[in-house]
Structures are given as structure tokens and as C-alpha cells.
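Beneath this line is the structure, given in C-alpha cells, with notes to follow.
The values are calculated or read from the model by the stated rules, or taken from the named source; none is laboratory data. Being a predicted model, the structure only gives us computed values, none of them experimental. Cβ placement follows ideal geometry from the backbone for every residue including glycine, while neighbour counts extend to all protein chains displayed. Please note that ligands, DNA and RNA were not included when accessible areas were found on the heavy atoms of the full protein model with its side chains. Shrake-Rupley method; radii C 1.70, N 1.55, O 1.52, S 1.80 Å.
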Amino acid sequence: MAEELSKQYNPKDTEDKWYKIWEQNNLFSAQASADKIPYCIVIPPPNVTGILHMGHALNNSIQDILIRYKKMKGFSALWMPGTDHAGIATQNVVEKALAKEGLKRQDLGREKFVSRVWEWKQLYGTTIINQLKKLGCACDWERIRFTMDQDYSAAVTEVFVRLYEKKLIYQGHYIINWCPRCQTALSDEEASHIELQGNLYYLKYPLKDNPQEFISVATTRPETMLGDTAVAVNPKDKRYKKYVGKYLILPIVNRPIKIIADSTIDMEFGTGAVKVTPAHDPNDYALGKKHGLEFINVLDPDGKMNASTQKFAGLDRFKARETVLEELKLLGLLEKTAAHTLSAGHCYRCHTIVEPYLSKQWFVKMKPLAKPAIAAVKKDKIKFHPARWTKVYLNWMNNIQDWCISRQIWWGHRIPVYYCKACQAKNSKAGIIVSRTKPLKCPKCSSEDLIQDEDVLDTWFSSWLWPFATFYWPQKNKDAKYFYPTATLVTAPEIIFFWVARMIMAGFEFKKQLPFKDVYIHGTVRDSQGKKMSKSLGNAIDPLEIIAEYGTDALRYSLISITSQGQDIYLSKEKFEQGRNFANKIWNAARFILINLKPEEVNVDLCLFFKREQLDPVNRWILSRFYTTLSKVEKDLDDFKFNEAAGSLYAFFWHEFCDWYLELIKPQISQKTTQVVMYKILEKYLRLIHPFMPFISEEIWQRLPGAKDSIMQQHWPHLQGGLINRKDEEQMELAFELINTIRNMRAELEVNPASRVDIQLTVNNQLTRESLEMLASYIKNLAKINNLIFTDQYIPQINQYAVVLKDLHVVMPLAGVINITEQLEKIALKIEKLKAEIKNKEGMLANKNFTSRAPEEIVETERNKLADMHEQVKKLEVIKNGLH
RNA sequence: GGGCUCAUAGCUCAGUUGGUUAGAGCGUUGCGUUGACAUCGCAAAGGUCAGUGGUUCAAGUCCACUUGGGCCCACCA
């Protein structure tokens, strides 16, 4: 051993060091290789503006486990990294920085502003990447992509043009979600509906023919009344039947508006009469189209009332609401105000209340794209884990709406549409040129006066191409062929619609193939109150802080161990102590082994070295437990049960390997077989734990005698099924029980020396002779009883061997001094329970349904169990009678 | 309105084809530990598995309903 290990594991000494070495030695790279099976994960590209939060930490820890595991399993495992340009988010960040200089983006102009964003990206865009490295992510950084790389942008343009040519992209005036702060359209998914306490205002509109008569309408947004062009009622509504077709005078504006009838109107709600504002409400828009109403826009893009509202012009929409209400009140036309909860869309970026707004935007027709994407999931070609997300996905896909893809911002992929002014002058619908490259002149009239569409594309319009655009689609190349379709996608539930569903559609549309086979949806990280963790709420636990305090491995282990089957995670800081303690435990166990290791003894092949039968029970037991654990971990990882795998690894190492095995072998630690087994288990265990805790496993690995390569280059241990033996395990479990019993007795006897009487302790199950012999020495050692004499005395009445302790006499393996009545009660209870159990078993074995279906072995073991139970009842009854 | 999800020890949670005695971490209590580890060890206490009914030889697990949380979707003015 080169250097002494410190008593405590110190992650700071190891993490950055090993990450650098892994990178320098190219250990993250994955290549197309004919003799290996590909395994590829594309990272959910974090925003360039991103900083690592717990959601990232969880998401990427899971991916890293999969990649490192598959790599060790011999796959060519590629983790494709990259970042997303995150249109609105990034533009907001840069605009904020500009604001500090007292500048607006308009002051710079488009070109300068965009180059400012690029500058920002160069400076800060790698923050999140460096943080992923801190987390230990084994991404192939040589391949890192950005959604606005030149060839990636080419892919985006290509997709736009193809869809346009297929008539799946169209332009139109529609009501969209408009963020007045970002001043752009948002897709439906980007406008999240939040419940608000608001008011329902009842406004009175006078009849044109008879101004003394009114119809009341209810609205939550009274300022939009300035744009009303009708009032609608249900044709079945008797209250209003006589008014249909007549006119009202819109107050304040004094414009006549028609009363129309439409069956979509709910007679129960409000007054049953609805003001219709076709330019400011999606439902009203539909009514407007249907009934040929006028569309009057009353808002400017910044959310202020526009010039058409005359005296209200320039007022913010909320200020205008108050003013309009005041005025109506003065006119005596505000009938009443009632409290009302409503849900209003909020910009997912800046949380401003969005406004339904009529504007000209680009849309993708989604229904045709959805078809194959629905079929693939229905046919299980793509599987969601946990499966319940399948339903969520299908539900959305079956009701899919067209996707508004244009955004009125500057940072992003500019829409590849050009307008010929000359042609448009003749016909406003003509003169649209959609082109992969900027055309020099109009193909129709040869005019060179062309301007490009001002808008950029929704960020997700580039992200949905991620699984293949990262491989330089539409160019053809070897890697794309080898790694696509990718294997697993690991992501959070909130982007199933934004991203997952659209990637599946894009995969089928442009690659004619699914983009990935498995989708693992993990839970959302919440604080201990159940609120979503976010920086703005101030409830976030910063993963980097945890790394600094507890270490990366601790962070990763703790996160993984508490994430079960996609259930949300309620996090508090204490949870990371378990990870830290575990890392320290591994460290100290390794330290103990290395201190006691004779390197010249252990350089042998475990399997060739000995046969199972030649080992003592303890070594046999730990080998069996190790391989049992290995097979369980493999199965759990293949089933995406990461917490189960982590739990098995923890329980094995701490409670079996450390608590029992290392304690038991102390007296025999210099024996050759013990040396070999102890060393081999440590060495193999490090490989198992490596995907979960990459740094500490490498650090210890490198201190093993003769370690050459990185642990990353090691193969995952092969399963040695022959070393798993359930009988061996059972024997030791019984022995442990016995040892603990004796320990307790000893404690009790020390407290009450007067109670020293002859006690005979029986083992309440059949331990083999061999195990009993071995036990004697361990008992002496562990229980620290010096006057212990072991005999293999056989007690025929109960068909058992006994351990006899001098001065002790016990009939049951019970701790301490025995209260006879208490014991009788306990025994009676046990007998009762056993009898119930026997009845149960007998029913089971009598059931043909069971006996014919279950394999013969299982039926057999059940029969044996039943026989055992009968035996036990007999024994207990003997004891019961003896005690009487 | 539709859908999903949760209710298991004082707390936070595991428990996936129904099958001996329902587990872990933290906390509590007792005992222990100066040579791997106090970021430690051993043990104890603590559970009518939310409630009711059903299916079954057998239910924490499957079904129905009830109660109480959380989340998502939807065009309620």
C-alpha cells in the first residue's frame, strides 16, 4: 500500500482529480464498432442559461448510471451531450443584462442584439456543462452539440421546408397566447394555467330600441368589452329568445352590437348571455368566425390599450380594467361584482398573465404527424416507464392541437420564409417563398426586393429533432446509422408534451423510425412541503452546495436511493447524510481490508482457486450473498428500478459485508482463503457501485494492489451462479440469530448476576453440525463469553442439537430471565398462529388451481414447509407441557 | 368536468405476476466501542398497512365504494 488512507473519506481530494484523468484518457468516448452493441442516450439538453438544480442532478445521475453500467457490460455506450438555445429564456437573460446598461434590445437592433446573445453564450453557456462534469457525467464531450450550431440550424430549416412542402405548415390569424412582457406568442404548452382569485363582473348593455331595457353579461375581463362585437345567448334560452337578432348599444363605445344565438352558450353560467369579443378570446373567436362578426383588437402587443380605444389608449390592461369599471359604475351599468376563481394562463418563462391575442402566426398541423407516433406506443415499440405515462401521452396525442411555432423574439432559428413585396402588393396572400437558402430574387416576378419573416421558431421546434439532428441529419453518416434509434430517454414528466411526444413524431416523420425504445420518466423533485423546487420560490437545495458539503457520490447515491418508480421526491438536506455515511463506510471497509491485505496472496483467479465446498461457511456465505446481490442489481437496473438496486448494494455492503463478514473473519484474516475472498469481494463490489458512486470507487480501485487501468475500463462482474447457495445463506442467518441471542443473554446476566443458573440454549432450527462447530468460536469471540463450552448434544424430544453454555440453561432462544407465564402465553400465541398458517397451507395445497399451475419444486417446498410447521407445533406443545 | 397519483413505525419513504414472522433511513431508549469506521456497532420499543365491503385456501398487494392530500389535462365567459 503506497500511502496511508485517512480515517474519513474526503471527496474533495478525489473528485476533480479523477474526472480530469477520465477526460484526458478519453474514457467517455464511444465509437461505432462492429463487435459491440450500441447503446445510446441523448441528454435532455439543458438550457444554456441553466444552472444545475436538483432536477438536473437526478436526471443526469440516472443517465450516468445507465451509461457507465452499459459501458462496463461491454456495450458501445454513447451519451450524447449538448445544450439548448432556449429562445425566450436566453433572450430574457441578455435583455436583463442590457437593462443594467440602461439599454433595450430595440436600441441595439436585431443584428447587434443577436451577436450580444452569442457573446453571452460563449461566456456563460458552458456553466451548466461544467456543472454536469462536477456531477461526474460520462458524456462524450467531443460530440457536444448546441441547438443553434450551423448544421443543426440547417436541419431545422430542412424540417420547416419539408413540412411546408407537405402542407403541414401553414400561416394564419388565430387567437394565440400572447405574453405582453416577452411580447411574443406562446404555444398552449407554454402558457400554464394557474388558479386566481378574481371577480366576475356583471355589465348591463342597454337595448338599442329601448335604452331602459338591459341585458346583463358576466365577464372576468371587463376591459375587453371595448372590443365586443356581439352578445350571444343560447337559442333555447326562453329569457332571451325575443331579443335574438336585435341590437344592443355597447356602453362607453356606443357601438351597436347584435344579439346572436348559439347552442354552445351555457344557460346556467352567469346571466346566460355572453359578451363576444372575437379578437380576445378563443371561444369568441370561433363565434366570430361562425357568425361573421367583426374582429376588433383593443390591445397593443405590450398589453396596453391601443389607439382604437381612444381615451383608454396607452393604459395598461389592468389599469384599463379599473377605469372601464369606474366609468360603467358612473353610468349605472355595473350591475354587480361577484368573487370568482378563474384560471388564467401565465407565461412559463416570466409568469406574466398571458393575453389571448389575435395575430398572424405559423402553425404545424399535428394530426397527421401524431398517427404513427400513437401507433408505435400502442404497439409497445416505445415503452414508457412507469407504464402509466403511456395513458397521459396517448390522451394528449389523441386530442392534439396544431402547434403555434412562430415567436416574436430575435434569439432563435429565423423562419425560412421570404416575402416578395412586389407580389404581395398585388395579392396579400401571394409572394411567400419558403426556401432552404436565402433566395436572390422572386421566382415569380424576379423582384429582388425580398424580406425574410421577422419571427423565429419555437425552441422546441429544434429540440424535437434532437435524437437525430445531433448526428448531423440530414447528412448521412456512420454514427447515425449505428447509434440511431437511441436506446433510452430519461426525462421529467413535465416535458412529455413539449418534448418527448414531439420527438417521437419527428422521428417517424423524418427518419421513418422511432427515436428511442424506452422512456424513463422520473419524479419531480419537491421540497419537504411538496412544493416544486425552484430558485424563484427560494426553496431549492443547491446540488453544488451538497457536493461541496457531502461529496458528489453522496449526492448521487442519496438521490437515487429515494427515487422510486417515478414517484415525486420530497427532499430535505438530511437525506444526503445517508449518502455521505455510506461513502465513508465503503472507504473505511476498504481501508481495513487494505491494511490487512497481503497482496502476494490475492493474485489468483477466484473461480480457479477453489471450489465452494472447500470454503468455510462464512466465506461461502458472503460469496453467495455477493452474487445474489449482483444478480438482483442487474435485474433492477434492467427494469429501471434504480432505488432498489441502490438499496441492495447498500444493504449488502453495510449489513452483511461489514457488520457480519468483516467482524467474523477478524480471527482468521491471515488465512489464504479469507484473504482471497475478502479482497475479491471488495474488488468486485467496487465495480458494482461504480455507476452509482463513480469517484470513490475509482479512488479505492486505484489503491488496490496491481491496479492499472481505470475502473471505468473494467468489465462488470460475471455472475457466478454456482456460488449462490440458499442453504449456505440460511445457515448463516440462523447463526446470526443465535449469536445475537447469546449477546443479549450476556448483557442480561451482567446486569443480574444473581440470575446465573444453568441454562440450556437450543437452536430452534436445524443448524448443521458443521455450522454449529464453527459457531462456537464466533460466539466466544463476538459475544465475549469466555466460559462457553460447545457440545453437539442432541435433544431427542425436540430433534435438535444444542449449544450448551456453562452456567446457562435455557429452553428457548430467549433473552434474559424467563417469566414462565409470559413464555406460556407467547408459546400459545405462536401455536395459534402456526395453526392458522397450517390451515392456510393446507388450503393452498388442496387447491388444484395452485398445484397444477405452480412448478413441481415450489409445490414440493410448500409441502415441506407444511410438514415443518406440523413438527414445530408438536415441539412447541412439548415445551408448553414441560413448562407447566 | 376528465385523468393520474398518494395514504404502511414518531418522521421520510420502500414493498411489481397475491404466499412463512410487513422492511429501510432518520429519530427515541438501553448497552457497547482507546487498532477499519462515532459519518461506528448491537439490541429494544414503535404497525388493526386510511375506512367499508367484495374476490380467494390466502389481501399491504386485486376489485368496488368512502374519506382526506398532491399533480396533470380541458375553450367555464
Quiz item: Would region A:572-595 turn up any residue that is at positive phi, within 10 Å of RNA strand B (Cβ to nearest atom) and either aromatic (Phe, Trp, Tyr) or outside any helix (DSSP H, G or I) (or both)?
Solution: no
Quiz item: Of the residues A:PHE652, A:PHE657, A:PHE626, which single one is in a helix (DSSP H, G or I), buried (at least 22 other Cβ atoms within 10 Å of the Cβ), of a type in the set (A, V, I, L, M, F, W, C) and within 9 Å of RNA strand B (Cβ to nearest atom)?
Solution: A:PHE657
Quiz item: Listed residues A:HIS340, A:HIS280, A:HIS346; which is touching a residue at least 60 places away in the same chain (Cβ under 8 Å), within 12 Å of RNA strand B (Cβ to nearest atom), open to solvent by less than 10 Å² (accessible area, probe 1.4 Å) and touching a strand residue (DSSP E or B) at 6+ places or on another chain (Cβ under 9 Å)?
Solution: A:HIS280
Practice problem: Mind counting the residues in region A:463-522 that are in a helix (DSSP H, G or I), within 16 Å of RNA strand B (Cβ to nearest atom) and not aliphatic (A, V, I, L, M)? | Solution: 6
Quiz item: Can you name every residue in region A:296-332 that is within 16 Å of RNA strand B (Cβ to nearest atom) and buried (at least 17 other Cβ atoms within 10 Å of the Cβ)?
Solution: A:ILE296, A:VAL298, A:LEU299, A:ARG317, A:ALA320, A:ARG321, A:VAL324, A:LEU325, A:LEU328
Quiz prompt | Flag if A:ILE260 is over 19 Å from A:GLU335 (Cβ atoms), β-branched (Val, Ile, Thr) and in contact with a Pro (Cβ under 8 Å, 6 or more places away or on another chain) | solution = no
Exercise. All but one of (1) assigned to a helix (DSSP H, G or I); (2) away from RNA strand B (no atom under 14 Å from the Cβ) hold for A:VAL604, so report the exception by its number.
Key: (1)
Quiz prompt | The one condition in (1) open to solvent by less than 50 Å² (accessible area, probe 1.4 Å); (2) at pLDDT 90 or above that A:THR126 fails to fulfil | solution = (1)
Quiz item: touching a strand residue (DSSP E or B) at 6+ places or on another chain (Cβ under 7 Å) and under 29 Å from A:ILE504 (Cα atoms): does that describe A:THR437?
Solution: no
Quiz item: Looking only at residues in region A:321-358 that are out of contact with any Ser or Thr (no Cβ under 9 Å at 6 or more places or on another chain) and small (Gly, Ala, Ser), which one is nearest to A:THR309 (Cα to Cα)?
Solution: A:GLY332
Quiz item: Which one of the conditions (1) within 16 Å of RNA strand B (Cβ to nearest atom); (2) open to solvent by less than 50 Å² (accessible area, probe 1.4 Å); (3) over 30 Å from A:TRP466 (Cβ atoms) does A:PRO206 fail to meet, given that it meets all the rest?
Solution: (1)
Exercise. Evaluate region A:445-453: report whether one residue or more is surrounded by 19 or more Cβ atoms within 10 Å (Cβ to Cβ) and more than 24 Å from A:GLN63 (Cα to Cα).
Key: yes
Practice problem: Hey, can you tell me all the residues within region A:516-570 that are at pLDDT 75 or above, more than 16 Å from the chain's Cα centre (by Cα), farther than 22 Å from A:LYS133 by Cα and not basic (Lys, Arg)? | Solution: A:PHE516
Practice problem: Note down all Cβ pairs under 7 Å where the first residue falls in region A:849-869 and is assigned to a helix (DSSP H, G or I), the second is open to solvent by 80 Å² or more (accessible area, probe 1.4 Å) and within 9 Å of RNA strand B (Cβ to nearest atom), and they're at least six residues apart or on different chains. | Solution: A:LEU866/A:GLU842
Exercise. Take region A:234-251 and flag every residue that is touching a residue at least 40 places away in the same chain (Cβ under 8 Å) and either open to solvent by 30 Å² or more (accessible area, probe 1.4 Å) or under 47 Å from the mean Cα position of the chain (by Cα) (or both).
Key: A:TYR247, A:ILE249
Quiz item: Out of all the residues in region A:389-402, which are open to solvent by 40 Å² or more (accessible area, probe 1.4 Å) and free of Cβ contacts under 8 Å to residues at least 24 places away in the same chain?
Solution: A:LYS391, A:ASN395, A:ASN399
Quiz prompt | Pairs where the first residue, in region A:254-272, is open to solvent by less than 50 Å² (accessible area, probe 1.4 Å) and the second is more than 7 Å from RNA strand B (Cβ to nearest atom) and among the basic types (Lys, Arg), C-beta under 7 Å, 6+ apart | solution = A:ILE259/A:LYS246; A:GLY272/A:ARG239
Quiz item: What tally of residues in region A:241-277 results from selecting those that are over 24 Å from A:ILE176 (Cα atoms), within 13 Å of RNA strand B (Cβ to nearest atom) and charged (D, E, K, R)?
Solution: 1
Practice problem: Go through the residues of region A:421-433 one by one and say whether even a single one is small (Gly, Ala, Ser), touching a residue at least 40 places away in the same chain (Cβ under 8 Å) and surrounded by fewer than 17 Cβ atoms within 10 Å (Cβ to Cβ). | Solution: no
